[in-house]
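Working notes, structure below.
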Amino acid sequence: MSDDNALAADALLEDRLAGKNTAQIRRAVNRVATTVDPEGASRRAEHNRAGRRLRMRHGGTGVASIEIEDGPVEKVAAAYTRIDRGARALKAGGETRTLDQLRADVALDLLLSGQGGAGERSEVFLYMDLATYLGLNEDPGELAGHGSIPAPLARKIASSADTVLRRIITD
């Protein structure tokens, strides 16, 4: 924003922010900035949307996160609505998982298969020794691209009904 536009925005916001939370302030500032400088707002939106990206963050043991950053708001909102609708339908059908858990599961199912539902397949590379697989010891498994995972989780992944085992013998 130019200095003149910033001063105009400050003047419009001066008496509107008291008692507002951060989300309300952000919305008010964005609205005023768009009103005061519509051409600049258009340029900023184009720039922000061009920066869209997908990120994966490895979390604690056995979990990771995936996030679409700076996606087009209309697509992100539509995707969230589709995910939420699927989660709520499952919940209404008697699911015991929380809505947040259902949303996460539906989103992953959609990404993996294009459909929201149970039993979706994915391909991961899991390394563990035979003794761990057989439950004779508790050595951690190694999930490619993620790192160590506990032996029980490695066995669960390896013994899933949809798991395809490819054996590699090493010495």
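Couple of notes before you dig in:
- Normalised by residue count, region 3-51 yields a Cα convex hull volume of 75 Å³ per residue.
- For Ile149, distant residues with modelled amide H under 5 Å away: Gly141, Glu142, Leu143
- When the convex hull of its Cα atoms is viewed from all sides, the chain shows a mean projected area of 15.5 nm².
- Charge dipole magnitude, Cβ of K and R +1, D and E -1 - the chain, Cα centre, debye nearest 20: 500 debye
- Whole-Hz ³J(HN,Hα) from phi, Karplus 6.51 cos²θ - 1.76 cosθ + 1.60, for region 11-22, glycine and proline x: 4, 5, 8, 3, 9, 9, 9, 4, x, 8, 8, 5
- Using heavy atoms of the protein chains and a probe of 1.4 Å, the accessible area assigned to Met1 is about 100 Å².
- Relative packing of 46-52, 107-113, 88-94, which averages over residues the other C-beta atoms within 10 Å, highest first: 107-113, 88-94, 46-52
- ³J(HN,Hα), Karplus 6.51/-1.76/1.60, whole Hz, each residue of region 30-41, x for Gly, Pro: 4, 5, 5, 4, 5, 5, 6, 9, x, 5, x, 4
- Within straight-line reach of Lys156, meaning a Cα separation under 24 Å, there are no lysines at least 8 residues removed in sequence or on another chain.
- FRET efficiency estimate (nearest 0.05) - Cβ-Cβ, Asp100 to Ala158, R0 22 angstrom: 0.20
- Long-range HN-HN contacts of Ala64 with modeled amide H, under 5 Å: Gly59
- Phi-based couplings in Hz for region 137-143 (Karplus 6.51, -1.76, 1.60; Gly and Pro marked x): 8, 10, 5, x, x, 10, 9
- Rounded, prolate or oblate (a/c below 1.5 giving rounded, otherwise prolate when a/b exceeds b/c) for region 121-170 by Cα gyration tensor: rounded
- Of the residues Gly19, Leu112, Ser65, the one whose Cα sits farthest towards the positive end of the charge dipole of the chain is Leu112 (charges of +1 on Lys and Arg Cβ, -1 on Asp and Glu Cβ, taken about the Cα centre).
- Per principal axis, descending, Cα span of region 53-113 in whole Å: 35, 34, 19
- Contour minus Cα-Cα distance for Arg26 and Asp4 (0.36 nm per residue): 5.9 nm
The values are calculated or read from the model by the stated rules, or taken from the named source; none is laboratory data. The structure presented is a predicted model; accordingly, all values stated were derived computationally and were not measured. Neighbour counts run over all protein chains shown; Cβ positions are idealised from the backbone, glycine included. Each accessible area value is taken on the protein alone, full model and side chains, heavy atoms only, with ligands, DNA and RNA left out. Shrake-Rupley method; radii C 1.70, N 1.55, O 1.52, S 1.80 Å.
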